[in-house]
1. Which residue, of LYS94, LYS68, is surrounded by fewer than 21 Cβ atoms within 10 Å (Cβ to Cβ), without any contact (Cβ under 8 Å) to a residue 60 or more places away in the chain, touching a strand residue (DSSP E or B) at 6+ places or on another chain (Cβ under 9 Å) and in a loop (DSSP other than H, G, I, E, B)?
2. Please enumerate the residues belonging to region 94-107 that are under 14 Å from LEU174 (Cα atoms) and hydrophobic (A, V, I, L, M, F, W, C).
3. Just give me the residues in region 397-419 being in contact with a strand residue (DSSP E or B) (Cβ under 6 Å, 6 or more places away or on another chain) and loosely packed, with under 14 Cβ neighbours inside 10 Å, in sequence order.
4. Provide a single number: the residues in region 134-149 that are in contact with a helix residue (DSSP H, G or I) (Cβ under 6 Å, 6 or more places away or on another chain) and either surrounded by fewer than 17 Cβ atoms within 10 Å (Cβ to Cβ) or among the polar types (S, T, N, Q) (or both).
5. Can you tell me which residue among GLY317, GLY355, GLY321 is under 22 Å from ASN412 (Cβ atoms) and in contact with a Gly (Cβ under 9 Å, 6 or more places away or on another chain)?
6. Kindly indicate the residue of region 230-258 that is hydroxyl-bearing (Ser, Thr, Tyr) and closer than 20 Å to ILE32 by Cβ and also surrounded by the fewest Cβ atoms within 10 Å (Cβ to Cβ) among those meeting that condition.
7. Since GLY224 meets every condition but one in (1) assigned by TED's automatic domain parsing to the domain that holds ALA30; (2) outside any loop (DSSP other than H, G, I, E, B); (3) within 18 Å of the chain's Cα centre (by Cα), which condition does it not meet?
8. Looking at PHE261, PHE279 in this structure, which one is surrounded by 22 or more Cβ atoms within 10 Å (Cβ to Cβ), touching a Ser or Thr at 6+ places or on another chain (Cβ under 6 Å) and not assigned by TED's automatic domain parsing to the domain that holds GLU26?
Amino acid sequence: MPTHLIVLAAGAGTRMLSDRPKVLHEIGGAPILAHVLASAEALDGERVLVVGGDGDAVRQEALKADGKIRIAEQSEQRGTAHAVMVAAPELDGKGGDTLVLLGDTPFIRPDTISAMGKARADGAEVVFLGFEASDPGRYGRIVRDGATLEKVVEWKDADEATRAMTLCNAGLVLAETGTLLRLAAAAGRDNSAGEHYLTDIAALGRNEGLDVRVVTCAEEEALGINTCADLARAESVFQERARATAIESGVTLRSPDTVHFAFDTRIDRNVVVEPNVVFGPGVVIESGACIRAFSHLEGCRVGRNAVVGPHARLRPGTELGDNARIGNFVEVKNAQIGEGAQAKHLSYIGDASIGRATNVGAGTITCNFDGASKHRTEIGERAFIGAGTMLIAPVKVGDEAMTATGSVITRNIPDGDLAIARGKQSNRPGFARKLLARLRASKGTGKVE
(Lines give C-alpha, C1' and ligand atoms only; values in the text may rest on other atoms or scores of the structure.)
Protein backbone atom coordinates (compact mmCIF):
# COMPACT_ATOMS: atom_id res chain seq x y z
CA MET A 1 0.00 0.00 0.00
CA PRO A 2 1.19 3.58 -0.67
CA THR A 3 2.89 5.47 2.12
CA HIS A 4 1.46 8.86 1.21
CA LEU A 5 -1.77 9.96 -0.47
CA ILE A 6 -2.45 13.19 -2.33
CA VAL A 7 -6.08 14.06 -3.07
CA LEU A 8 -6.45 16.73 -5.74
CA ALA A 9 -9.61 18.60 -4.71
CA ALA A 10 -9.22 21.97 -6.41
CA GLY A 11 -11.60 23.21 -9.09
CA ALA A 12 -14.88 25.09 -8.67
CA GLY A 13 -16.79 22.95 -11.13
CA THR A 14 -18.08 25.74 -13.38
CA ARG A 15 -19.39 23.14 -15.84
CA MET A 16 -21.82 22.15 -13.09
CA LEU A 17 -23.26 25.70 -13.20
CA SER A 18 -22.83 25.94 -9.44
CA ASP A 19 -21.15 28.31 -7.00
CA ARG A 20 -20.39 25.34 -4.74
CA PRO A 21 -16.96 23.70 -5.10
CA LYS A 22 -17.32 20.64 -7.29
CA VAL A 23 -16.02 18.18 -4.68
CA LEU A 24 -18.65 19.36 -2.17
CA HIS A 25 -21.61 18.29 -4.31
CA GLU A 26 -23.22 15.28 -2.70
CA ILE A 27 -23.62 11.60 -3.53
CA GLY A 28 -25.64 9.56 -1.08
CA GLY A 29 -26.00 12.59 1.19
CA ALA A 30 -22.23 13.10 1.56
CA PRO A 31 -19.82 15.32 -0.40
CA ILE A 32 -17.91 13.70 -3.25
CA LEU A 33 -14.72 14.49 -1.32
CA ALA A 34 -15.96 12.45 1.66
CA HIS A 35 -16.27 9.38 -0.57
CA VAL A 36 -12.70 9.84 -1.84
CA LEU A 37 -11.32 10.39 1.66
CA ALA A 38 -13.09 7.25 2.87
CA SER A 39 -11.22 5.32 0.19
CA ALA A 40 -8.00 6.99 1.29
CA GLU A 41 -8.68 6.03 4.92
CA ALA A 42 -9.12 2.39 3.89
CA LEU A 43 -5.60 2.52 2.38
CA ASP A 44 -4.16 3.52 5.76
CA GLY A 45 -1.53 5.84 4.35
CA GLU A 46 0.96 7.45 6.69
CA ARG A 47 0.25 10.92 5.32
CA VAL A 48 -2.90 12.20 3.57
CA LEU A 49 -2.73 15.56 1.83
CA VAL A 50 -5.68 17.39 0.28
CA VAL A 51 -4.80 20.01 -2.30
CA GLY A 52 -7.69 22.47 -2.55
CA GLY A 53 -8.27 25.79 -4.19
CA ASP A 54 -11.74 26.70 -2.96
CA GLY A 55 -11.08 28.20 0.45
CA ASP A 56 -12.42 27.16 3.81
CA ALA A 57 -15.32 25.02 2.62
CA VAL A 58 -13.11 22.25 1.21
CA ARG A 59 -10.70 22.57 4.12
CA GLN A 60 -13.51 22.15 6.67
CA GLU A 61 -14.95 19.12 4.89
CA ALA A 62 -11.56 17.43 4.72
CA LEU A 63 -10.81 18.04 8.39
CA LYS A 64 -14.27 16.83 9.35
CA ALA A 65 -13.43 13.51 7.72
CA ASP A 66 -10.07 13.28 9.48
CA GLY A 67 -8.57 15.96 11.71
CA LYS A 68 -5.04 14.71 10.91
CA ILE A 69 -5.32 15.44 7.20
CA ARG A 70 -2.90 18.08 5.94
CA ILE A 71 -4.25 20.80 3.66
CA ALA A 72 -2.29 22.49 0.87
CA GLU A 73 -3.87 25.50 -0.81
CA GLN A 74 -3.49 25.77 -4.60
CA SER A 75 -4.35 29.45 -4.76
CA GLU A 76 -3.49 29.66 -8.47
CA GLN A 77 -4.78 26.61 -10.31
CA ARG A 78 -2.24 25.81 -13.00
CA GLY A 79 -2.88 22.12 -13.54
CA THR A 80 -2.57 18.76 -11.83
CA ALA A 81 1.23 18.60 -11.87
CA HIS A 82 1.30 22.03 -10.27
CA ALA A 83 -1.14 20.75 -7.61
CA VAL A 84 1.26 17.91 -6.78
CA MET A 85 4.08 20.43 -6.43
CA VAL A 86 1.94 22.45 -4.02
CA ALA A 87 1.95 19.34 -1.81
CA ALA A 88 5.70 18.78 -2.28
CA PRO A 89 6.87 20.56 0.92
CA GLU A 90 4.95 17.98 2.98
CA LEU A 91 6.52 15.06 1.08
CA ASP A 92 10.02 16.10 0.11
CA GLY A 93 12.52 13.70 1.62
CA LYS A 94 9.84 11.51 3.23
CA GLY A 95 10.48 8.49 0.98
CA GLY A 96 8.00 5.69 0.35
CA ASP A 97 5.41 5.62 -2.41
CA THR A 98 2.83 8.31 -3.10
CA LEU A 99 -0.56 7.75 -4.69
CA VAL A 100 -2.36 10.65 -6.36
CA LEU A 101 -6.17 10.47 -6.20
CA LEU A 102 -8.67 12.81 -7.82
CA GLY A 103 -11.19 14.50 -5.55
CA ASP A 104 -13.96 14.13 -8.12
CA THR A 105 -13.52 10.38 -8.75
CA PRO A 106 -15.30 8.70 -5.83
CA PHE A 107 -15.69 5.04 -6.80
CA ILE A 108 -12.15 3.62 -6.93
CA ARG A 109 -12.08 0.28 -5.09
CA PRO A 110 -9.31 -0.79 -2.69
CA ASP A 111 -8.69 -3.85 -4.89
CA THR A 112 -7.82 -1.53 -7.76
CA ILE A 113 -5.29 0.34 -5.61
CA SER A 114 -3.86 -3.04 -4.59
CA ALA A 115 -3.40 -3.92 -8.27
CA MET A 116 -1.48 -0.67 -8.79
CA GLY A 117 0.64 -1.51 -5.74
CA LYS A 118 1.34 -4.97 -7.14
CA ALA A 119 2.56 -3.44 -10.40
CA ARG A 120 4.94 -1.26 -8.37
CA ALA A 121 6.16 -4.29 -6.44
CA ASP A 122 6.73 -6.11 -9.73
CA GLY A 123 9.12 -3.41 -10.92
CA ALA A 124 7.04 -0.59 -12.41
CA GLU A 125 8.44 2.80 -11.43
CA VAL A 126 5.36 4.80 -12.40
CA VAL A 127 1.87 3.28 -12.51
CA PHE A 128 -1.16 4.92 -14.10
CA LEU A 129 -4.76 3.76 -13.82
CA GLY A 130 -6.75 3.40 -17.03
CA PHE A 131 -10.10 2.05 -18.20
CA GLU A 132 -11.77 1.01 -21.42
CA ALA A 133 -14.50 3.57 -22.09
CA SER A 134 -17.74 2.80 -23.89
CA ASP A 135 -17.90 6.50 -24.77
CA PRO A 136 -14.43 8.02 -24.34
CA GLY A 137 -15.68 11.59 -24.67
CA ARG A 138 -13.17 14.15 -23.42
CA TYR A 139 -11.06 11.82 -21.28
CA GLY A 140 -7.31 11.76 -21.84
CA ARG A 141 -6.15 8.81 -23.97
CA ILE A 142 -3.51 6.29 -22.93
CA VAL A 143 -1.06 5.29 -25.65
CA ARG A 144 0.76 2.07 -24.84
CA ASP A 145 2.92 -0.62 -26.35
CA GLY A 146 1.79 -3.84 -24.72
CA ALA A 147 2.01 -3.40 -20.95
CA THR A 148 4.27 -0.35 -21.35
CA LEU A 149 2.62 3.04 -21.20
CA GLU A 150 4.21 5.36 -23.74
CA LYS A 151 2.29 8.58 -23.04
CA VAL A 152 -1.02 10.08 -21.96
CA VAL A 153 -2.56 12.60 -24.35
CA GLU A 154 -5.23 15.01 -23.15
CA TRP A 155 -8.28 15.21 -25.41
CA LYS A 156 -7.66 18.85 -26.33
CA ASP A 157 -4.20 17.96 -27.60
CA ALA A 158 -5.06 14.66 -29.31
CA ASP A 159 -5.32 14.10 -33.05
CA GLU A 160 -8.21 12.14 -34.54
CA ALA A 161 -6.35 8.83 -34.48
CA THR A 162 -5.59 9.22 -30.77
CA ARG A 163 -9.15 10.32 -29.98
CA ALA A 164 -10.37 7.11 -31.61
CA MET A 165 -8.63 5.11 -28.89
CA THR A 166 -10.82 3.81 -26.06
CA LEU A 167 -8.24 3.25 -23.32
CA CYS A 168 -8.64 6.33 -21.14
CA ASN A 169 -6.84 7.88 -18.19
CA ALA A 170 -8.59 7.54 -14.82
CA GLY A 171 -6.31 10.15 -13.22
CA LEU A 172 -4.60 8.05 -10.53
CA VAL A 173 -0.81 7.80 -10.42
CA LEU A 174 1.43 5.78 -8.12
CA ALA A 175 5.19 6.24 -7.91
CA GLU A 176 8.10 6.47 -5.52
CA THR A 177 7.70 9.84 -3.82
CA GLY A 178 10.95 11.38 -5.04
CA THR A 179 10.32 10.18 -8.59
CA LEU A 180 6.80 11.60 -8.60
CA LEU A 181 7.91 15.02 -7.35
CA ARG A 182 10.86 15.21 -9.74
CA LEU A 183 8.77 14.33 -12.79
CA ALA A 184 5.89 16.60 -11.74
CA ALA A 185 8.32 19.51 -11.40
CA ALA A 186 9.51 18.86 -14.98
CA ALA A 187 6.00 18.93 -16.49
CA GLY A 188 5.79 21.85 -18.91
CA ARG A 189 2.93 23.97 -20.18
CA ASP A 190 3.25 23.19 -23.86
CA ASN A 191 -0.38 22.28 -24.37
CA SER A 192 -3.65 23.88 -25.43
CA ALA A 193 -4.69 24.68 -21.85
CA GLY A 194 -1.31 26.15 -20.86
CA GLU A 195 -1.31 24.01 -17.69
CA HIS A 196 1.18 21.70 -16.00
CA TYR A 197 -0.35 18.26 -16.63
CA LEU A 198 0.49 15.38 -14.29
CA THR A 199 -0.15 13.09 -17.25
CA ASP A 200 3.06 14.42 -18.82
CA ILE A 201 5.10 12.40 -16.35
CA ALA A 202 4.35 9.25 -18.37
CA ALA A 203 6.32 10.48 -21.38
CA LEU A 204 8.92 12.15 -19.16
CA GLY A 205 9.48 8.88 -17.35
CA ARG A 206 9.74 6.89 -20.57
CA ASN A 207 12.29 9.36 -21.91
CA GLU A 208 14.40 8.59 -18.81
CA GLY A 209 14.04 4.88 -19.46
CA LEU A 210 11.73 4.31 -16.50
CA ASP A 211 9.30 1.41 -16.44
CA VAL A 212 5.89 3.12 -16.82
CA ARG A 213 2.84 0.87 -16.77
CA VAL A 214 -0.93 1.04 -16.82
CA VAL A 215 -3.32 -0.95 -14.64
CA THR A 216 -6.95 -1.04 -15.74
CA CYS A 217 -10.20 -0.93 -13.80
CA ALA A 218 -13.92 -1.09 -14.61
CA GLU A 219 -15.30 2.01 -16.31
CA GLU A 220 -17.75 2.55 -13.43
CA GLU A 221 -14.88 2.97 -10.98
CA ALA A 222 -13.27 5.68 -13.04
CA LEU A 223 -16.37 7.86 -13.29
CA GLY A 224 -15.25 11.46 -12.87
CA ILE A 225 -17.74 14.18 -12.05
CA ASN A 226 -17.65 17.38 -14.06
CA THR A 227 -21.30 18.10 -14.86
CA CYS A 228 -24.70 17.72 -13.23
CA ALA A 229 -25.33 14.80 -15.59
CA ASP A 230 -22.19 13.11 -14.24
CA LEU A 231 -23.41 13.75 -10.70
CA ALA A 232 -26.78 12.14 -11.44
CA ARG A 233 -25.06 9.12 -12.96
CA ALA A 234 -22.77 8.87 -9.93
CA GLU A 235 -25.77 8.88 -7.59
CA SER A 236 -27.25 6.02 -9.58
CA VAL A 237 -23.99 4.06 -9.40
CA PHE A 238 -23.73 4.67 -5.66
CA GLN A 239 -27.30 3.52 -5.02
CA GLU A 240 -26.83 0.35 -7.07
CA ARG A 241 -23.69 -0.48 -5.10
CA ALA A 242 -25.36 0.26 -1.75
CA ARG A 243 -28.37 -1.92 -2.58
CA ALA A 244 -26.19 -4.79 -3.70
CA THR A 245 -24.08 -4.53 -0.53
CA ALA A 246 -27.20 -4.53 1.67
CA ILE A 247 -28.65 -7.58 -0.05
CA GLU A 248 -25.34 -9.46 0.15
CA SER A 249 -25.28 -8.66 3.89
CA GLY A 250 -28.64 -10.32 4.53
CA VAL A 251 -30.99 -7.34 4.24
CA THR A 252 -34.31 -7.98 2.51
CA LEU A 253 -35.23 -5.17 0.09
CA ARG A 254 -38.79 -5.70 -1.13
CA SER A 255 -38.30 -3.34 -4.07
CA PRO A 256 -34.57 -2.55 -4.30
CA ASP A 257 -34.77 0.11 -6.99
CA THR A 258 -37.04 2.27 -4.80
CA VAL A 259 -34.84 2.27 -1.69
CA HIS A 260 -32.31 5.10 -1.35
CA PHE A 261 -29.28 4.83 0.90
CA ALA A 262 -26.90 7.37 2.36
CA PHE A 263 -23.11 7.21 2.34
CA ASP A 264 -22.97 5.95 5.96
CA THR A 265 -26.15 3.86 6.27
CA ARG A 266 -25.62 0.82 8.52
CA ILE A 267 -28.18 -1.98 8.40
CA ASP A 268 -27.78 -5.32 10.16
CA ARG A 269 -28.84 -8.58 8.59
CA ASN A 270 -32.41 -9.86 9.04
CA VAL A 271 -33.80 -6.37 8.46
CA VAL A 272 -36.70 -5.94 6.05
CA VAL A 273 -37.01 -2.72 4.05
CA GLU A 274 -40.24 -2.18 2.15
CA PRO A 275 -40.62 -0.05 -1.03
CA ASN A 276 -39.97 3.70 -1.30
CA VAL A 277 -37.84 4.13 1.82
CA VAL A 278 -35.22 6.91 2.05
CA PHE A 279 -32.25 6.68 4.40
CA GLY A 280 -30.59 10.03 5.05
CA PRO A 281 -27.17 10.37 6.70
CA GLY A 282 -26.50 8.84 10.10
CA VAL A 283 -28.91 5.89 10.19
CA VAL A 284 -28.30 2.61 12.04
CA ILE A 285 -30.84 -0.23 11.82
CA GLU A 286 -30.40 -3.23 14.11
CA SER A 287 -31.26 -6.84 13.35
CA GLY A 288 -34.88 -7.90 12.92
CA ALA A 289 -36.27 -4.42 12.39
CA CYS A 290 -38.80 -3.67 9.66
CA ILE A 291 -38.85 -0.34 7.84
CA ARG A 292 -42.20 -0.11 6.15
CA ALA A 293 -43.08 1.65 2.89
CA PHE A 294 -42.73 5.39 2.26
CA SER A 295 -40.72 6.11 5.42
CA HIS A 296 -37.89 8.64 5.70
CA LEU A 297 -35.11 8.22 8.26
CA GLU A 298 -32.07 10.35 9.08
CA GLY A 299 -29.71 10.67 12.02
CA CYS A 300 -31.40 7.91 14.00
CA ARG A 301 -30.95 4.44 15.49
CA VAL A 302 -33.63 1.76 15.24
CA GLY A 303 -33.42 -1.09 17.75
CA ARG A 304 -33.84 -4.82 17.28
CA ASN A 305 -37.23 -5.98 16.00
CA ALA A 306 -38.60 -2.45 15.95
CA VAL A 307 -41.12 -1.44 13.28
CA VAL A 308 -41.17 1.94 11.53
CA GLY A 309 -43.95 3.12 9.25
CA PRO A 310 -45.51 3.03 6.80
CA HIS A 311 -45.32 6.77 6.06
CA ALA A 312 -43.20 7.55 9.15
CA ARG A 313 -40.44 10.08 9.56
CA LEU A 314 -37.53 9.70 11.98
CA ARG A 315 -35.40 12.83 12.30
CA PRO A 316 -31.95 13.36 13.84
CA GLY A 317 -31.51 12.37 17.46
CA THR A 318 -34.17 9.67 17.40
CA GLU A 319 -33.44 6.38 19.14
CA LEU A 320 -35.95 3.54 19.05
CA GLY A 321 -35.60 0.77 21.61
CA ASP A 322 -36.01 -2.91 20.82
CA ASN A 323 -39.55 -3.86 19.74
CA ALA A 324 -40.67 -0.23 19.60
CA ARG A 325 -43.41 0.70 17.11
CA ILE A 326 -43.63 3.97 15.18
CA GLY A 327 -46.62 3.93 12.85
CA ASN A 328 -48.16 5.78 9.95
CA PHE A 329 -47.82 9.56 9.74
CA VAL A 330 -45.81 9.77 12.97
CA GLU A 331 -42.82 12.15 13.10
CA VAL A 332 -40.14 11.71 15.76
CA LYS A 333 -37.29 14.15 16.38
CA ASN A 334 -34.54 14.11 19.02
CA ALA A 335 -36.47 11.60 21.09
CA GLN A 336 -35.75 8.33 22.86
CA ILE A 337 -38.48 5.72 22.53
CA GLY A 338 -38.15 2.93 25.07
CA GLU A 339 -38.32 -0.82 24.56
CA GLY A 340 -41.76 -1.91 23.43
CA ALA A 341 -43.17 1.63 23.44
CA GLN A 342 -45.41 2.62 20.57
CA ALA A 343 -46.83 5.63 18.80
CA LYS A 344 -48.79 4.21 15.90
CA HIS A 345 -50.93 6.97 14.45
CA LEU A 346 -50.70 10.63 13.39
CA SER A 347 -48.44 12.05 16.11
CA TYR A 348 -45.47 14.37 16.58
CA ILE A 349 -42.91 13.45 19.22
CA GLY A 350 -40.10 15.98 19.47
CA ASP A 351 -37.49 16.56 22.20
CA ALA A 352 -38.91 13.79 24.34
CA SER A 353 -38.19 10.56 26.15
CA ILE A 354 -40.80 7.81 26.31
CA GLY A 355 -40.38 4.92 28.72
CA ARG A 356 -40.63 1.19 28.19
CA ALA A 357 -44.03 -0.23 27.12
CA THR A 358 -45.73 3.18 26.98
CA ASN A 359 -48.56 3.75 24.49
CA VAL A 360 -48.93 7.11 22.78
CA GLY A 361 -52.41 7.57 21.32
CA ALA A 362 -53.30 8.98 17.91
CA GLY A 363 -52.98 12.72 17.40
CA THR A 364 -50.63 13.29 20.34
CA ILE A 365 -48.27 16.26 20.09
CA THR A 366 -45.35 17.17 22.31
CA CYS A 367 -45.48 20.96 22.10
CA ASN A 368 -41.75 21.51 22.38
CA PHE A 369 -41.20 25.04 21.02
CA ASP A 370 -42.29 28.24 22.73
CA GLY A 371 -41.18 30.54 19.92
CA ALA A 372 -37.67 30.97 21.29
CA SER A 373 -36.46 27.72 22.91
CA LYS A 374 -37.02 23.98 22.71
CA HIS A 375 -38.24 22.10 25.80
CA ARG A 376 -38.43 18.41 26.68
CA THR A 377 -41.28 16.09 27.48
CA GLU A 378 -40.52 13.09 29.70
CA ILE A 379 -42.94 10.17 29.84
CA GLY A 380 -42.31 7.23 32.13
CA GLU A 381 -42.77 3.49 31.71
CA ARG A 382 -46.10 1.77 30.99
CA ALA A 383 -47.88 5.10 30.70
CA PHE A 384 -50.94 5.63 28.50
CA ILE A 385 -51.26 8.88 26.57
CA GLY A 386 -54.83 9.29 25.36
CA ALA A 387 -55.59 10.26 21.77
CA GLY A 388 -55.42 13.96 20.96
CA THR A 389 -53.29 14.87 24.00
CA MET A 390 -51.25 18.07 23.83
CA LEU A 391 -48.20 17.88 26.11
CA ILE A 392 -46.94 21.42 26.75
CA ALA A 393 -43.22 21.08 27.44
CA PRO A 394 -41.42 21.14 29.75
CA VAL A 395 -43.57 18.51 31.39
CA LYS A 396 -43.19 15.08 32.99
CA VAL A 397 -45.60 12.14 32.95
CA GLY A 398 -44.90 9.47 35.56
CA ASP A 399 -44.76 5.69 35.32
CA GLU A 400 -48.16 4.05 34.73
CA ALA A 401 -49.80 7.48 34.49
CA MET A 402 -52.59 8.26 32.02
CA THR A 403 -53.94 11.27 30.18
CA ALA A 404 -57.57 11.49 29.19
CA THR A 405 -58.35 11.83 25.49
CA GLY A 406 -58.26 15.42 24.26
CA SER A 407 -56.33 16.77 27.26
CA VAL A 408 -53.95 19.71 27.24
CA ILE A 409 -51.29 18.84 29.80
CA THR A 410 -49.41 21.78 31.33
CA ARG A 411 -48.33 20.31 34.70
CA ASN A 412 -46.41 17.22 35.75
CA ILE A 413 -48.40 14.02 36.32
CA PRO A 414 -47.21 11.82 39.23
CA ASP A 415 -46.81 8.06 38.89
CA GLY A 416 -50.10 6.24 38.51
CA ASP A 417 -52.28 9.36 38.21
CA LEU A 418 -54.92 10.11 35.59
CA ALA A 419 -54.84 13.67 34.21
CA ILE A 420 -57.98 15.20 32.70
CA ALA A 421 -57.38 18.66 31.26
CA ARG A 422 -60.25 19.76 29.04
CA GLY A 423 -63.06 22.26 29.37
CA LYS A 424 -66.55 21.18 30.37
CA GLN A 425 -68.75 20.72 27.29
CA SER A 426 -71.94 22.79 26.95
CA ASN A 427 -74.42 22.59 24.03
CA ARG A 428 -76.47 25.61 22.89
CA PRO A 429 -79.57 24.39 21.02
CA GLY A 430 -79.90 25.72 17.45
CA PHE A 431 -77.06 28.18 17.83
CA ALA A 432 -74.91 26.58 15.09
CA ARG A 433 -77.55 27.22 12.37
CA LYS A 434 -78.07 30.82 13.49
CA LEU A 435 -74.33 31.52 13.62
CA LEU A 436 -73.66 30.01 10.18
CA ALA A 437 -76.53 31.99 8.66
CA ARG A 438 -75.15 35.20 10.09
CA LEU A 439 -71.63 34.47 8.86
CA ARG A 440 -72.71 33.57 5.34
CA ALA A 441 -74.97 36.59 5.09
CA SER A 442 -72.05 38.81 5.99
CA LYS A 443 -70.24 37.45 2.91
CA GLY A 444 -73.20 38.34 0.71
CA THR A 445 -74.37 34.81 -0.06
CA GLY A 446 -77.52 34.87 2.05
CA LYS A 447 -77.47 31.08 1.98
CA VAL A 448 -77.89 28.65 4.80
CA GLU A 449 -76.80 25.22 3.68
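The values are calculated or read from the model by the stated rules, or taken from the named source; none is laboratory data. Computed from a prediction, not measured in an experiment: that's the story for all the values here. Neighbour counts run over all protein chains shown; Cβ positions are idealised from the backbone, glycine included.
1. LYS68
2. LEU99, VAL100, LEU101, LEU102 - these are the residues of region 94-107 that are under 14 Å from LEU174 (Cα atoms) and hydrophobic (A, V, I, L, M, F, W, C).
3. Answer for region 397-419, where residues must be in contact with a strand residue (DSSP E or B) (Cβ under 6 Å, 6 or more places away or on another chain) and loosely packed, with under 14 Cβ neighbours inside 10 Å: THR410, LEU418.
4. Of the residues in region 134-149, 1 are in contact with a helix residue (DSSP H, G or I) (Cβ under 6 Å, 6 or more places away or on another chain) and either surrounded by fewer than 17 Cβ atoms within 10 Å (Cβ to Cβ) or among the polar types (S, T, N, Q) (or both).
5. GLY355
6. Looking at the filtered set, the residue picked out is SER236.
7. It is condition (2) that GLY224 fails.
8. Answer to the check: PHE279.
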